[in-house]
């Protein structure tokens, strides 16, 4: 008897697993589009460091954007879980096509497709329905994870029990799914009972119980909605970057997930309570109309965001703009999928309602939420065939037109991302390289410096400028008097270029320069870039719109913003003064009578470098090997200053490649050398040919901002301190493709080589090397991830753990952020910095972590050659 019971339980379990797998298969066939977009959202918050800083910035300075982000993901959740049902019907999954009759409801000329169930005894697959509803839950789970990931470093290094916080967050994430299972199972039970029972009294009793259950569910829905409004008000009024703020955001996400579940489950049953009272919930036409109206509002918001860039209006946080774009793209594709599905349905479905004994016209109109006064908007059955033919014809024509314009757009030349070149003035005021070398010879009594700054977005930009300003302040302006050149890549190159402008305009006025740097740091570049990248810049790639606004893309308007902040300008057009002439007249010719030369680096698509050098040198001279001389174009044209420096900051995917007519396309300098040291060494080697300069000590100063670079520095320091030649690891096995991608995408290959090279060359009395790292607090697991495996030597593990605790405590003491309400946030690769990130810079720059290197520079400045 016992074995029979066990066997029955096993059989029941296996049947359940089989049904679950079958239902999941049905779900997968119909939900691939939603799953794809959920993957995109997960990648967005997982892989982009900028996403974390954007959330912190919304908490600190833009709670309105944060509230609207929650609204967008809530509607997005409903849309993600709704539209797969049409693919479900189109694929005739679970015999659903023949059990539904479709109609078109005309609303201001816009067709809303709705259906009526033919057979009231048709049994839904509630497991497949559960998976489909879970699509919406996933976006809330991703948001839970996004909040946790953003706060993680502060939670971990504040000494909190992160494991308990993880468990609490996980609990909030899975509870809505459990509630969904319980609710759907309840309806499944009611449906089974109604199909099994024969007695009218018993059926009436079950229906009454179901109605009571639905009533409680609808009331709970309204309670959750009210709580969401209250909690949203609390967030708007009291949210801050703290442990309290973390749980407040997690609780709000949880409440919205519950609200979503209650809406998805009980909306369709609202008509069984009191149809007219809950019409706005139960009407199929109603909520489809809400989606459409919401999409229109989002489109208008995105149009505003594009226009705001040109008119210098206030922009929302980039996360809200990005979510809005993803929502609109998904909604548009989903509507197209539904549209083409409906063309098929109208062609294949039975045309005579009389053959369907379970449905009458009146019953259909009632159950679909079409009120009597709106019956005229319903497209009758006898017109559906002509409707389908007409729509198929329109769809075919539109598809053909799109195909033609796609070919024209691909083959047509576009000047949107081209850097405008201007005829070079033969009498322009520029500096010849021999004159520049003369100015260097007069400074050979002390060491000469070469500055190189690593790439890293706005993070690198601001860090580079703040370091240079601090060094200038501590050396009373003497550092730049002995500096030969500024070089760099991407954000670091932007930093030295923009600091050159400030140094030329505000010589020795370090307070004013510091204030300008902070103004740049507070600017919202990410929103400008995202708004235009998926908006006006994208539209202008379509023929014939690709002739509109040539030379002016999102990179151009970012440079306009930089120029206006630095030079107190308001114009939306950049100056045409050439790169060489601008540098000579507005930077070099300052009241000190000298300024370091500027080497702007960029990467050509064929592997060559592109170099804008501020000092004029012969075209055929080999100052910079394997490079194009872009500051002196061979057609007697030149590129203006701000447009030239924009060419270094063209990160693939986010920024467009810079096209220079007659030369080719150039992208972010980090693709070849993310440090700028390579060009510094080129110039150094060129100057060594001078019999005077080759006897002078040269010092290379490297300004570094990357987290992995700092880990690399800590690993080398740890090995040196503990006299360890090799760290023993059990490497993590990687697929060949993953290994290839990681190696190819790693930007530190050349910078690390050059740093090692210069560190070794510094043994030469005529060579010096001073790296200045942006410090971070580093976890033990981060070091192991950097090494590519787990440490296996227990002694090395113990020593490394002690070493990291010591180094992290140094950083923690300097930033002085030890409570549970945080004023600092470690910089991430981003184009928008939070208030707490700027505070982090200001505290670190004054710490011994940086002042020691500045002291070393001052010591070198006092040396006599």
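The values are calculated or read from the model by the stated rules, or taken from the named source; none is laboratory data. All values derive from a computational prediction rather than experimental measurement. So basically every Cβ, Gly included, is an ideal-geometry build from the backbone, and we count neighbours across all protein chains shown.
At a glance:
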| item | result |
| --- | --- |
| From the options 205, 231, 197, residue that is at pLDDT 85 or above, surrounded by 13 or more Cβ atoms within 10 Å (Cβ to Cβ) and more than 18 Å from residue 268 (Cα to Cα) | 231 |
| Filter result (under 10 Å from residue 728 (Cβ atoms), surrounded by 14 or more Cβ atoms within 10 Å (Cβ to Cβ) and touching a residue at least 40 places away in the same chain (Cβ under 8 Å)) within the stretch 791-806 | 791, 793, 796 |
| Any hit, the stretch 413-434, residues being touching a residue at least 24 places away in the same chain (Cβ under 8 Å), assigned to a helix (DSSP H, G or I) and surrounded by fewer than 23 Cβ atoms within 10 Å (Cβ to Cβ) | yes |
| Qualifying positions in the stretch 644-669 - under 23 Å from residue 425 (Cα atoms) and in contact with a strand residue (DSSP E or B) (Cβ under 8 Å, 6 or more places away or on another chain) | 644, 645, 646, 647, 659, 660, 661, 663 |
| Hits in the stretch 525-555 - residues which are closer than 21 Å to residue 643 by Cα, within 20 Å of the chain's Cα centre (by Cα) and surrounded by fewer than 21 Cβ atoms within 10 Å (Cβ to Cβ) | 533, 538 |
| Residue among 519, 515, 558 that alone is touching a helix residue (DSSP H, G or I) at 6+ places or on another chain (Cβ under 9 Å) and closer than 30 Å to residue 474 by Cα | 519 |
| Failed item, numbered, when residue 720 is tested on (1) on the phi < 0 side of the Ramachandran plot; (2) loosely packed, with under 13 Cβ neighbours inside 10 Å; (3) outside any helix (DSSP H, G or I) | (3) |
| Subset of the stretch 208-228 [in contact with a helix residue (DSSP H, G or I) (Cβ under 6 Å, 6 or more places away or on another chain) and modelled with pLDDT under 90] | 210, 211, 214, 215, 217, 218, 220, 221 |
| Only one of 683, 688, 630 that is closer than 22 Å to residue 483 by Cα and touching a strand residue (DSSP E or B) at 6+ places or on another chain (Cβ under 7 Å) | 683 |
| Residue check, residue 672 in the same structural domain as residue 775 (by TED's automatic domain parsing), under 30 Å from residue 844 (Cβ atoms) and in contact with a strand residue (DSSP E or B) (Cβ under 9 Å, 6 or more places away or on another chain) | yes |
| Selection count, the stretch 725-752, where residues are over 30 Å from the mean Cα position of the chain (by Cα) and free of Cβ contacts under 8 Å to residues at least 60 places away in the same chain | 3 |
| Residues of the stretch 608-624 satisfying the condition of being surrounded by 14 or more Cβ atoms within 10 Å (Cβ to Cβ) and either over 18 Å from residue 672 (Cα atoms) or at pLDDT 90 or above (or both) | 608, 609, 610, 611, 612, 613, 614, 615, 616, 617, 624 |
| Qualifying residue in the stretch 801-813 (condition: closer than 28 Å to residue 702 by Cβ, outside the structural domain of residue 243 (by TED's automatic domain parsing) and assigned to a loop (DSSP other than H, G, I, E, B)) | no |
| Selected residue (criterion: surrounded by the fewest Cβ atoms within 10 Å (Cβ to Cβ)) from residues of the stretch 569-579 that are farther than 17 Å from residue 494 by Cβ and in contact with a helix residue (DSSP H, G or I) (Cβ under 9 Å, 6 or more places away or on another chain) | 570 |
| Test for residue 776: is it in a loop (DSSP other than H, G, I, E, B), surrounded by 14 or more Cβ atoms within 10 Å (Cβ to Cβ) and in contact (Cβ under 8 Å) with a residue 12 or more places away in the chain | yes |
| Some residue of the stretch 854-861 being under 35 Å from the mean Cα position of the chain (by Cα), free of Cβ contacts under 8 Å to residues at least 40 places away in the same chain and not in a strand (DSSP E or B) | no |
| Single condition residue 679 does not satisfy, out of (1) buried (at least 22 other Cβ atoms within 10 Å of the Cβ); (2) not in a helix (DSSP H, G or I) | (2) |
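Condition check ((1) within 29 Å of residue 749 (Cα to Cα); (2) assigned to a helix (DSSP H, G or I); (3) assigned by TED's automatic domain parsing to the domain that holds residue 746) across all residues:
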| residue | (1), (2), (3) |
| --- | --- |
| 449 | yes, no, yes |
| 461 | yes, yes, yes |
| 467 | yes, yes, yes |
| 484 | yes, no, yes |
| 495 | yes, yes, yes |
| 500 | yes, yes, yes |
| 504 | no, yes, yes |
